[in-house]
């Protein structure tokens, strides 16, 4: 059974109203397929690409099952990365804002333990976290999962790729056997099948093919030799001049090499690696999301959970050895109906991987010689914005409007020079055009926001 709009679902009117105020009333294909069964308490395997709206497929059923007056943890969502966990927690808070008194806590690595321990003393209704940190709390007996009614594995394929299967076993051993389980994954691998058989009971499978987004992505391949690959990458960036691009490498060492080469040539580039400190990772992601960085270079592991809507181009510096990974990579462009480009650099010994990708996609990737491209140093695109990090956020009652006011009214910066703003729990990020950065920094240094001084630094 599928339904088309939120109002066709039999759910708490407060949830429907909260979604409506966010302009969410039409259901995406994966929501339309999975929500009716999930709301009836059935286990679900949902297969859909990033950006398909799958988060609401479990947020709505979880909120429906929660008894607000029972101060126990009733829903558990596991995500592969902290960024994804933060986004999921925000969706819960948004959908529950008119219900009142629903407490959502994130438990992720790279965050101080103290505040998490304090938060757990009051048994939040919903826990969203990464498996490693949730397992830590379970093993130390700080987290009681015996009353969990619904558990979710979000981006399960990424989680299992990262080696979290043993953590899941420890966490799930604390949960009642009659729990409802929802599993969402972009791909359906043998590992996923094994985990699904073990933890799900007669699941309903909901699958949304990614065909809809294919026409919006222009895919091209360029033949390269091992020693011409980096030059081909530079040529691609100056020939097509994407506003921003994610470059995927198969190995961590390549990320460092590529970033070094690009920066030396004058590109605005930074790398994302799985073993980075969380604050460094956040800094790079915020620069990229706020159009203050043109090229983000990453491994697949480091890019997991990355959810940036407006990526103009994805470049595969090396061909992925797993066809599903290639599909996941390029799915980061052409989001929300936008046009996107995906370019793959292919050496002779990688062509058999490309063939596998073509079989999975059901379409060929046009291959050209990289010699048809020329690198033009004078065509390197520099970002329009600089990202400024501030030492205050939601905990200090800061809102985006406060930052806009401080910059436009107090500092006299034109409104068009203020770009994207992200206010997080204890920090905020604001993008400012290069010509107004000095004025912005002076305002933060000398002025106040909501009567308080904040520390600011350029990223």
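Kindly check whether there is at least one residue in segment 263-279 that is modelled with pLDDT of 85 or more, surrounded by fewer than 18 Cβ atoms within 10 Å (Cβ to Cβ) and touching a helix residue (DSSP H, G or I) at 6+ places or on another chain (Cβ under 7 Å).
Yes, some residue in segment 263-279 is modelled with pLDDT of 85 or more, surrounded by fewer than 18 Cβ atoms within 10 Å (Cβ to Cβ) and touching a helix residue (DSSP H, G or I) at 6+ places or on another chain (Cβ under 7 Å).
Do we find that residue 152 is surrounded by fewer than 21 Cβ atoms within 10 Å (Cβ to Cβ), touching a strand residue (DSSP E or B) at 6+ places or on another chain (Cβ under 9 Å) and at pLDDT 90 or above in this structure? Walk me through it before giving the result.
On the way: surrounded by fewer than 21 Cβ atoms within 10 Å (Cβ to Cβ): no; touching a strand residue (DSSP E or B) at 6+ places or on another chain (Cβ under 9 Å): yes; at pLDDT 90 or above: yes.
Criteria not met by residue 152.
Does segment 229-241 contain any residue that is outside any helix (DSSP H, G or I), in the same structural domain as residue 288 (by TED's automatic domain parsing), modelled with pLDDT of 90 or more and touching a helix residue (DSSP H, G or I) at 6+ places or on another chain (Cβ under 7 Å)?
yes
If you check 406, 392, which single one turns out to be assigned to a loop (DSSP other than H, G, I, E, B) and either in contact with a strand residue (DSSP E or B) (Cβ under 7 Å, 6 or more places away or on another chain) or closer than 30 Å to residue 86 by Cα (or both)?
The match here is 392.
Quick check on my filter: what residues within segment 61-78 are buried (at least 23 other Cβ atoms within 10 Å of the Cβ) and assigned to a helix (DSSP H, G or I)?
Answer for segment 61-78, where residues must be buried (at least 23 other Cβ atoms within 10 Å of the Cβ) and assigned to a helix (DSSP H, G or I): 61, 62, 63.
Assess whether residue 187 counts as being in a loop (DSSP other than H, G, I, E, B), in contact with a helix residue (DSSP H, G or I) (Cβ under 8 Å, 6 or more places away or on another chain) and surrounded by 14 or more Cβ atoms within 10 Å (Cβ to Cβ).
Criteria met by residue 187.
Take the residues in segment 190-210 that are outside any helix (DSSP H, G or I) and in contact with a strand residue (DSSP E or B) (Cβ under 6 Å, 6 or more places away or on another chain); name whichever of them is surrounded by the fewest Cβ atoms within 10 Å (Cβ to Cβ). Full working, then the answer.
Here is the first cut: in segment 190-210, the ones outside any helix (DSSP H, G or I) are 200-209.
Now restrict to residues that are in contact with a strand residue (DSSP E or B) (Cβ under 6 Å, 6 or more places away or on another chain): 200, 203-207.
Details: 200: 19, 203: 18, 204: 17, 205: 16, 206: 25, 207: 13.
Among them, the one singled out is 207.
Could you run through segment 285-301 and say how many residues are crowded, with 21+ Cβ neighbours inside 10 Å and within 13 Å of residue 383 (Cβ to Cβ)?
10
When you scan segment 79-118, how many residues do you find that are modelled with pLDDT of 90 or more, in contact with a strand residue (DSSP E or B) (Cβ under 6 Å, 6 or more places away or on another chain) and buried (at least 16 other Cβ atoms within 10 Å of the Cβ)?
The total comes to 8.
Residue-by-condition table, conditions (1) in contact (Cβ under 8 Å) with a residue 60 or more places away in the chain; (2) outside any loop (DSSP other than H, G, I, E, B):
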| residue | (1), (2) |
| --- | --- |
| 134 | no, yes |
| 137 | no, yes |
| 142 | no, no |
| 157 | yes, yes |
| 160 | no, yes |
| 174 | no, no |
| 181 | yes, yes |
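Tell me which residues, restricted to segment 144-155, are touching a helix residue (DSSP H, G or I) at 6+ places or on another chain (Cβ under 6 Å) and part of a loop (DSSP other than H, G, I, E, B).
The one that is touching a helix residue (DSSP H, G or I) at 6+ places or on another chain (Cβ under 6 Å) and part of a loop (DSSP other than H, G, I, E, B): 149.
Quick one: which residue in 406, 370, 392 is assigned by TED's automatic domain parsing to the domain that holds residue 284 and either under 27 Å from the mean Cα position of the chain (by Cα) or surrounded by 18 or more Cβ atoms within 10 Å (Cβ to Cβ) (or both)?
Testing whether each residue is assigned by TED's automatic domain parsing to the domain that holds residue 284 and either under 27 Å from the mean Cα position of the chain (by Cα) or surrounded by 18 or more Cβ atoms within 10 Å (Cβ to Cβ) (or both) leaves just 370.
Could you check segment 242-280 and list, in sequence order, the residues that are more than 22 Å from residue 378 (Cβ to Cβ) and either outside the structural domain of residue 323 (by TED's automatic domain parsing) or part of a strand (DSSP E or B) (or both)?
246, 248, 249, 270, 271, 272
Say whether the condition of being in a loop (DSSP other than H, G, I, E, B), under 29 Å from the mean Cα position of the chain (by Cα) and closer than 21 Å to residue 292 by Cα is met by at least one residue in segment 409-424.
Yes, that holds for at least one residue.
Provide a single number: the residues in segment 331-354 that are part of a helix (DSSP H, G or I) and modelled with pLDDT under 85.
Residues flagged as part of a helix (DSSP H, G or I) and modelled with pLDDT under 85 within segment 331-354 amount to 3.
The values are calculated or read from the model by the stated rules, or taken from the named source; none is laboratory data. Predicted model only: the values in this text are computed from it and were never measured. Ideal geometry is used to build each Cβ from the backbone, glycine not excepted, and the neighbour counts take in all protein chains shown.
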